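Shown next, in structure tokens, is the structure this report addresses.
Quick note: the coordinates plus some simple rules give every number you see, no bench work behind them. Since the model is a prediction, treat every value here as computed from it, not as a measurement. Note that we place each Cβ from the backbone using ideal geometry, even for glycine, and neighbour counts take in every protein chain shown.
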Amino acid sequence: MLSDREESIHFFGAQGPKFRQLRMVDGHIIPEESAIDNVKTISGGRSQLRPGDFDAFVFLGGRLRFSNIMFPLMHYRATDDLFLSHAVEAEMISSWFAHSRNFRFGRDFAKAGAKVVVVPEAFLIEGFNSADATGYPNYQGATWEDYDEVVSAMLVLAARQGVGFVTQPKETLSSMLFTDPDFAIEGAFEKKDGGHKNEAFANLIARSALNELMRMA
């Protein structure tokens, strides 16, 4: 969230499962009563978020998992008798957007006139098993051209809803749908934490999101 008055970045959110207790009410994002203290602690005392509060918004993660849609789509593209039409792929992507609370927040803020970018959760670090790969063994047979075509479709579909969409930079991937271990947090394998990423990765995502916001200006 960027403010022209303070020229700074602010964070708003809730910890872990309490994110599910954030709701859109009368155009504002507010927490349920049991999550208010948690939201205030994390968000610098702020207990709600409105489209007019800042000049721009980046909705990051929030259980919009990139792997959740990319494993099946790459599997289908690599399997001849399961290859989907572009129209069906578009329906799958649109459904993925619609089922994400974070994307819906961003979409609704955009409808209210806010400048919005949505960033999905990044892929797991390579070396960890992704539950999203279950049932989609052929994903590795997809090409980077397949990958780029699907990402391009996502950008178009998000833009139709007034939302900028920033996916994980391809240079952070070590293989199809897994993040390079160079971007793992310290001790990731000992901690069994393949989801969180390090500061270098965060800087890349932040730069990509800010570049998209500038492009939308």
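Over 31 Å, how big is the tail of the calculated P(r) for the chain, in percent of all Cα pairs?
That fraction is 22 percent.
Which far-off residues, 5 or more places away or on another chain, put their amide H under 5 Å from the one on Val118, with H placed in the peptide plane?
Those qualifying (amide H under 5 Å, at least 5 residues apart or on another chain) are Phe59, Gly164, Phe165, Val166.
Check which residues have an amide H placed less than 5 Å from Gly13's amide H, if you skip close sequence neighbours.
Ser43
Scan the chain and report its longest stretch carrying no chymotrypsin sites (Phe, Trp or Tyr not before Pro) that are both in a DSSP loop and have at most 16 other Cβ atoms within 10 Å.
Longest site-free region, per DSSP loop and neighbour criteria: 84-217.
Please list, in chain and number order, the residues 5+ apart from Leu173 or on another chain whose amide H is under 5 Å from its amide H, with Hs placed from the backbone.
For Leu173, the qualifying residues are Asp180.
Per residue of the range 152-158, in order, report the coupling 6.51 cos²θ - 1.76 cosθ + 1.60 (Karplus, θ = phi - 60°) as ³J(HN,Hα) in whole Hz, putting x for Gly and Pro.
Using θ = phi - 60°, the values come out as 4, 5, 4, 4, 5, 5, 5 Hz.
How would you classify the range 142-188 from its alpha-carbon gyration tensor, with a ≥ b ≥ c the square roots of the eigenvalues: rounded for a/c under 1.5, else prolate if a/b is greater than b/c, otherwise oblate?
Cα axes put the range 142-188 in the oblate bin.
Which GluC sites (Glu not before Pro) does the range 139-194 hold that lie in a coil by DSSP with at most 13 other beta carbons within 10 Å?
When the GluC sites (Glu not before Pro) of the range 139-194 are filtered for loop state and at most 13 Cβ neighbours within 10 Å, Glu186 remain.
For n ≥ 4 DSSP H runs only, could you compute -39500 (n - 2.57) per run for the chain, divide by its residues and tell me the 222 nm figure to the nearest 500?
Taking each H run of at least 4 residues, the total per residue is -11500 deg cm²/dmol.
What shape does the range 26-141 have by the C-alpha gyration tensor, where a ≥ b ≥ c are the square roots of the eigenvalues, rounded means a/c under 1.5, and otherwise prolate means a/b greater than b/c and oblate the rest?
Because a/c hits 1.5 or more and a/b exceeds b/c, the range 26-141 counts as prolate.
Quick one: 3J(HN,Hα) in Hz for the range 193-199, Karplus 6.51/-1.76/1.60 with θ = phi - 60°, rounded, Gly and Pro as x.
3J(HN,Hα) across the range 193-199, in whole Hz: 10, x, x, 6, 10, 8, 5.
Obtain the nm distance between the two label points defined at Leu155 and Ala87 by a simple spin-label model: each point lies 7 Å from its Cα along the Cα-to-C-beta direction.
For Leu155 paired with Ala87, the spin-label model returns 2.5 nm.
For Ala206 and Lys170, what does the FRET efficiency come to when R0 = 22 Å and r is the distance between their Cβ atoms, rounded to the nearest 0.05?
0.85
For the range 20-34, what does the Karplus curve 6.51 cos²θ - 1.76 cosθ + 1.60, with θ = phi - 60°, yield as ³J(HN,Hα) per residue in whole Hz, taken in order and with x for Gly and Pro?
5, 8, 7, 9, 8, 10, 6, x, 10, 8, 9, x, 5, 3, 6
For Lys111 and Glu190 in the same chain, what is the full-extension length gain: residue separation times 0.36 nm, less their Cα-Cα distance, in nm?
Taking 0.36 nm per residue and subtracting the Cα distance, the gain is 24.1 nm.
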